[in-house]
C-alpha cells in the first residue's frame, strides 16, 4: 500500500496530469455556461422538442432506454484523457530516468509495475467519476433556472450512476493500458501513436477488408460497453458482457506483456 | 565479510546485430568498511557493473552477491540496506528537493526527520523547498546523495558522485565519504577523477575494457605496477655525481642538468653522502613519487591499445590480495 500511495502521489504531481484535469474542469465550466445560455428564454416544451435533448432537462442527461444523453459526450474525452494521463505517468518516468532511482528503493519490478498500473487505474477511476459529477453539476443552473427536473426518479438516478461507474471503469482500463504500452516502449509518444494508429488506421482497414473480424475490434467492443447495449450489425451481434470480457482479455494480454518486458529488461538511467 | 562479491561477471549487449562486451569476466571482492574506489576510464564497464550489482541489468554470465545476498533473488533485503546513485542523479523535477526525498522515504516507511537529517548532511537544507528543476547539477548530485543516505545504509554505492560539483563541493563530498566510512559504513565509489579517489580510498580496483587490471590498497597498486619512487638531485657536475652514486651501487638516470636516482626516500642520506664524498654539493633534492593516476593511465592505456598488461599487472588482483591479506 505504501508503494501504491507513493505512485499515486507521484502521478498527481505530473504536470501533464494536472493540465489534463485543468482542461477537463474548464470544459465543465464551458459546458455549463453553454447549457445555461442555450436554454435561456426557452420554454420547457421548446427544450423538450430539441432533437438532441437539452442539458437543462435533467432527464436528458442520461436516457437509460437508448443509453444516450449528455453524459455520453463526456465519455470519449474522459477515455482520451485517461489514456494520455496514464501514458505520460509511465513514459515520463522513463524520460526522466527516475525508474532507476525508484528501483534502487523497490527492486521488485513486477511489484513496482503493479503498483504503478494500479495507481493509474485507481486515480483514473476516481478522477473520472469526480469529473462526471462536476460535468453534470455544471448543468444544474440551467436546470433550476431555465429547465426542469420533471421525470427524475429513482430509476433515473440508478441508471445515471451505473453509467457513470461504467465510464469510470473504462477510463481506468484505458489508463492501465496506457501505462503498459508506455512501459513496454519506455515512451509516452509510442503509447499514444500506437493506440491512435490501431484505432483509426488498422481497425478501419480491418472493417473494410475483413468485416467478419469486426466483432473482435476495440472500437466495436468499446462502443458496446460504453452504451451497455447489444450491438447488432449485419454480420454479428455483440452483447456488453462479451464485449467487456473481450476488452479485459486484450488489456490483460498487453499488461502481461509489458510486465514481462519490464521484469526482464536492463534498465538504463534514461531512454 | 565482503559486502560485494562478483564472480566471473560477464555482460554483453546486442545492438543492431553487433555484440558489445561491457564487462568481461570481472572478479571483485569488496570488504566491509572503508572507502573502495572503483576506477576506470569512460566506457570501461564501471556503470554496467554497478547496474549489475543493483539488479538494474542482468549479467550475461557470472554471479553477484550484495551484502551476502544473491542478485537478483535476494535484492529486496540487500537494497533495503544499500544507498545508491547510478549515473546522473534522476529525480522528479517538478517536486522540491524535500518532496523528492519524502516520496522515496515513504517507500521504506522512513519518517520526515530522516529527510531533514539527510538534507542537513549534504548541506541542502536552505534550498530543500526549491523545485529540483531549478537545481544545478551539483545540487542534484547532493540531493541524490541525500537520497542514498536516507536509509542509513550499511553500504553506499555511488557512481561518479563528484560529477558536476565545484572544487569546494568535491572536497565536501570527499570529506563526507570519509566520514561515512569512519562511521563504519562501506562506501563503494566509482570515479575517473583519480585525485579524488587517491586521497579518499582505502582500496581501489582499476577497470579497463571490462576487466579488473589492478586491485588493492592505493600504495600496493602503485608499487605492484612496477613503479618505484625516485630521488631527483641537482649538482654542479652531474657526470661526476652520477659516477659517485653508481660507485655506491645506486641506479642513476642522467637528465637534463639533473640526476634521477632510482631509490626510495630512505636512501636520501646515502645519496647526499656519496655526492658530498665526490665534492658535489646538492643544490636541489626532491622525492619523486608515482601517483595512482600514473598507474591508472598506464594500465588503462595498455588495455585500450589492445595490448595485454604485463603478467605482473594482470595478476595484480590476486597477488596484492596475498600481500595485503
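The values are calculated or read from the model by the stated rules, or taken from the named source; none is laboratory data. All figures in this text were calculated on a predicted structure; none of them were measured in a lab. Note that we place each Cβ from the backbone using ideal geometry, even for glycine, and neighbour counts take in every protein chain shown.
Touching a strand residue (DSSP E or B) at 6+ places or on another chain (Cβ under 7 Å), surrounded by fewer than 17 Cβ atoms within 10 Å (Cβ to Cβ) and farther than 22 Å from residue B:45 by Cβ: is that true of residue B:126 in this structure?
Numbers: touching a strand residue (DSSP E or B) at 6+ places or on another chain (Cβ under 7 Å): no; surrounded by fewer than 17 Cβ atoms within 10 Å (Cβ to Cβ): yes; farther than 22 Å from residue B:45 by Cβ: yes.
The answer is no for residue B:126.
Please note which helices (runs of 4 or more DSSP H) are completely contained in segment A:174-271 and include at least 2 residues that are out of contact with any helix residue (DSSP H, G or I) (no Cβ under 9 Å at 6 or more places or on another chain).
A:188-196, A:203-209, A:240-264
Run down B:236, B:276, B:242, B:263 and say which single residue is out of contact with any helix residue (DSSP H, G or I) (no Cβ under 8 Å at 6 or more places or on another chain) and assigned to a loop (DSSP other than H, G, I, E, B).
Details: B:276 fails: assigned to a loop (DSSP other than H, G, I, E, B); B:242 fails: assigned to a loop (DSSP other than H, G, I, E, B); B:263 fails: out of contact with any helix residue (DSSP H, G or I) (no Cβ under 8 Å at 6 or more places or on another chain).
Within the list B:236, B:276, B:242, B:263, the selection yields B:236.
Consider residue A:195 carefully, then state whether it is surrounded by 14 or more Cβ atoms within 10 Å (Cβ to Cβ), touching a residue at least 60 places away in the same chain (Cβ under 8 Å) and within 18 Å of residue A:83 (Cβ to Cβ).
Working: surrounded by 14 or more Cβ atoms within 10 Å (Cβ to Cβ): yes; touching a residue at least 60 places away in the same chain (Cβ under 8 Å): yes; within 18 Å of residue A:83 (Cβ to Cβ): yes.
Here the answer is yes, as residue A:195 does meet what is asked.
Being within 14 Å of chain B (Cβ to nearest Cβ), assigned to a loop (DSSP other than H, G, I, E, B), over 19 Å from the mean Cα position of the chain (by Cα) and surrounded by fewer than 17 Cβ atoms within 10 Å (Cβ to Cβ), is that true of even one residue in segment A:1-12?
yes
Within segment B:265-287, work out how many residues are over 20 Å from residue B:236 (Cβ atoms) and surrounded by 13 or more Cβ atoms within 10 Å (Cβ to Cβ).
Total satisfying the criteria: 1.
Got a number for residues in segment A:94-125 being outside any helix (DSSP H, G or I) and touching a residue at least 40 places away in the same chain (Cβ under 8 Å)? Steps first, please.
Narrowing segment A:94-125 to residues outside any helix (DSSP H, G or I): A:97, A:104-108.
Now narrow it down to the ones that are touching a residue at least 40 places away in the same chain (Cβ under 8 Å): A:97, A:106.
Going through segment A:94-125 one residue at a time, the tally reaches 2.
Please give the helices (runs of 4 or more DSSP H) falling wholly within segment B:72-176 in which 3 or more residues are within 19 Å of the chain's Cα centre (by Cα). Even if it seems obvious, please write down each step before you answer.
Details: elements: B:75-79, B:97-107, B:112-121, B:137-149.
Once the helices (runs of 4 or more DSSP H) in segment B:72-176 are filtered for at least 3 residues that are within 19 Å of the chain's Cα centre (by Cα), what remains is B:137-149.
Let me confirm something: among B:88, B:94, B:48, which residue is within 13 Å of another protein chain (Cβ to nearest Cβ), surrounded by fewer than 19 Cβ atoms within 10 Å (Cβ to Cβ) and within 29 Å of residue B:209 (Cβ to Cβ)? Quick ask: steps written out before the conclusion?
Values: B:94 fails: within 29 Å of residue B:209 (Cβ to Cβ); B:48 fails: surrounded by fewer than 19 Cβ atoms within 10 Å (Cβ to Cβ).
Only one candidate qualifies: B:88.
Can residue B:209 be described as under 18 Å from residue B:34 (Cα atoms), surrounded by fewer than 22 Cβ atoms within 10 Å (Cβ to Cβ) and outside the structural domain of residue B:250 (by TED's automatic domain parsing)? I'd like the intermediate steps shown before the answer.
On the way: under 18 Å from residue B:34 (Cα atoms): no; surrounded by fewer than 22 Cβ atoms within 10 Å (Cβ to Cβ): yes; outside the structural domain of residue B:250 (by TED's automatic domain parsing): yes.
Taking the combined requirement at face value, the residue does not satisfy it.
Residues are listed down the side, and each one gets a yes or a no for (1) within 14 Å of chain B (Cβ to nearest Cβ); (2) surrounded by fewer than 23 Cβ atoms within 10 Å (Cβ to Cβ):
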residue: A:57; (1), (2): no, no
residue: A:89; (1), (2): yes, no
residue: A:95; (1), (2): yes, yes
residue: A:119; (1), (2): yes, no
residue: A:122; (1), (2): no, yes
residue: A:133; (1), (2): no, yes
